[in-house]
Amino acid sequence: MNPVDVKRGQGPIVLGIPHSGTFIPPDVFARLTPIGQSLADTDWHVDRLYSDILPGATSVRANFHRYVIDANRDPSGASLYPGQNTTGLVPVTSFEGEPIWTNAPGTEEIEARRVRWHAPYHAALAGELERVLGMHGVAVLYDCHSIRSRVPFLFEGRLPDFNIGTNSGRACDPRLADGVEDVCRRAPGYTMVRDGRFRGGWTTRHYGRPAQGVHAIQMELAQSTYLESETAPFQYDARKADNLREHIGAVLRAIEFMTIKLESR
């Protein structure tokens, strides 16, 4: 199994898709509890949701599941949200706080997984950002995520539909963040927040270097916006998804338009 699939475009936007993959090596899968084997914490169908949504966009998709290793976590294992419930580089619990391993991996195995899966994904992502930056003088990483709208272990209440993460403004030019927020705020029937519970994972924080011409934004979507149900079998709802695609397409077109101003700086 190739750790990562890359679809190259000629535009300034790179779509990172770290959590839609479902591949788990059979020997690893056998060590998961029944809860773990349900793969409920997958960013279900996010690759389909963003497929061909913006002509010219590059996409970098991890094929492995986040239970193998989480491509959006610090490879050192440092927590993204100190003091809050979260999951780590190799999760030991589900998003509900339930154990997912009958025999959890140790330090050496985690390092082997990092080398086999995490590192190739980020090598591909970094390579595409460098390529796009060389072409345009600016590159925008748009990190594509989704999660169930209610996960009490991670956050209280119901998550807004659009969750924009910019590492509290440090990961991108404020004009990009303002433009994304404006599109989301005007989307009828949807709710949004900027730098709320999800301010951006390690990918957003690591690559977002506006002073060097690389901007990063994470979009965490509530899965209720495009799934038939947020429970198994997590079926894609084409009607809801098509409506959502109109708005996320508008978000990406707004980003693309604003990069013209950034290129001219």
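Each of F257, T102, H118 was placed along the dipole of the chain (beta-carbon charges, centred on the mean Cα), and the one lying farthest toward the positive end is F257.
For the range 87-137, rounded, prolate or oblate, judged on the Cα gyration tensor with a ≥ b ≥ c (square roots of eigenvalues), a/c < 1.5 rounded, else prolate if a/b > b/c? Oblate, since a/c reaches 1.5 and b/c is not below a/b.
A dipole drawn for the range 4-263 from +1 and -1 charges on Cβ atoms has a positive end, and of G36, T22, N72 the residue lying farthest that way is N72. For V4, the residues whose amide H sits under 5 Å from its own are N63, ignoring neighbours fewer than 5 places away on the same chain, with H placed 1.01 Å from N. When each of the peptides 60-70, 37-47 is scored by the mean number of other C-beta atoms lying within 10 Å of its residues, the order from highest to lowest reads 60-70, 37-47.
Once the Cα-Cα distance is subtracted from the 0.36 nm per residue extended length, the R253 to E156 segment shows a gain of 31.7 nm. Charge dipole of the range 1-88 (Cα centre as origin; +1 on each Lys and Arg Cβ, -1 on each Asp and Glu Cβ, all else neutral): 100 debye, rounded to the nearest 20.
Taking the Cα centre of each part, how many Å lie between the range 18-59 and the range 169-240? First find each Cα centre; the distance between them is then 18 Å. The slack between T107 and R170, meaning 0.36 nm per residue of separation minus the straight C-alpha distance, is 19.5 nm.
Using the Cβ-Cβ distance between K261 and M1 with R0 = 30 Å, the FRET efficiency computed as 1/(1 + (r/R0)^6) comes to roughly 0.15.
Taking amide hydrogens as placed 1.01 Å from N in the peptide plane, the amide H of R209 sits under 5 Å from those of V214, H215, A216, each at least 5 positions away in sequence or on another chain.
Under a 5 Å amide H cut-off, with hydrogens placed 1.01 Å from N, D237 pairs with L227, E228 among residues at least 5 apart or on other chains. Taking Cα centre as origin and charging only the Cβ of basic (Lys, Arg, +1) and acidic (Asp, Glu, -1) residues, the dipole magnitude of the chain rounds to 480 debye. Sequentially through the range 104-113, phi angles give Karplus couplings (6.51, -1.76, 1.60; θ = phi - 60°) of 5, x, x, 4, 5, 5, 4, 5, 5, 5 Hz, Gly and Pro residues having no value and appearing as x. Residue by residue, the range 164-180 carries 3J(HN,Hα) couplings of 8, x, 10, 6, 6, x, 8, 8, 7, 4, x, 5, 5, 4, 5, x, 5 Hz when phi is fed to the Karplus relation 6.51 cos²θ - 1.76 cosθ + 1.60 (θ = phi - 60°); x denotes Gly or Pro.
Restricting attention to the chain, close to 35% of DSSP beta bridges with both partner residues there are antiparallel. Along the range 184-192 the Karplus relation, 6.51 cos²θ - 1.76 cosθ + 1.60 evaluated at θ = phi - 60°, assigns HN-Hα couplings of 5, 5, 8, 6, x, x, 10, 10, 8 Hz to successive residues, with x for each Gly and Pro. Could you tell me which of rounded, prolate or oblate describes the range 12-88, using a ≥ b ≥ c as the square roots of the eigenvalues of the alpha-carbon gyration tensor, with rounded for a/c under 1.5 and, failing that, prolate when a/b is larger than b/c and oblate otherwise? Oblate. Does anything in the range 147-166 have its amide N under 12 Å from the 7 Å Cα→Cβ label point of I35, and if so which residues? Correct set: 153.
No lab work stands behind these numbers, since they all come straight from the coordinates. In this text the structure is predicted, and so the values were computed from the model without any measurement. Cβ: placed from backbone, ideal geometry, glycine included. Neighbour counts: every protein chain shown.
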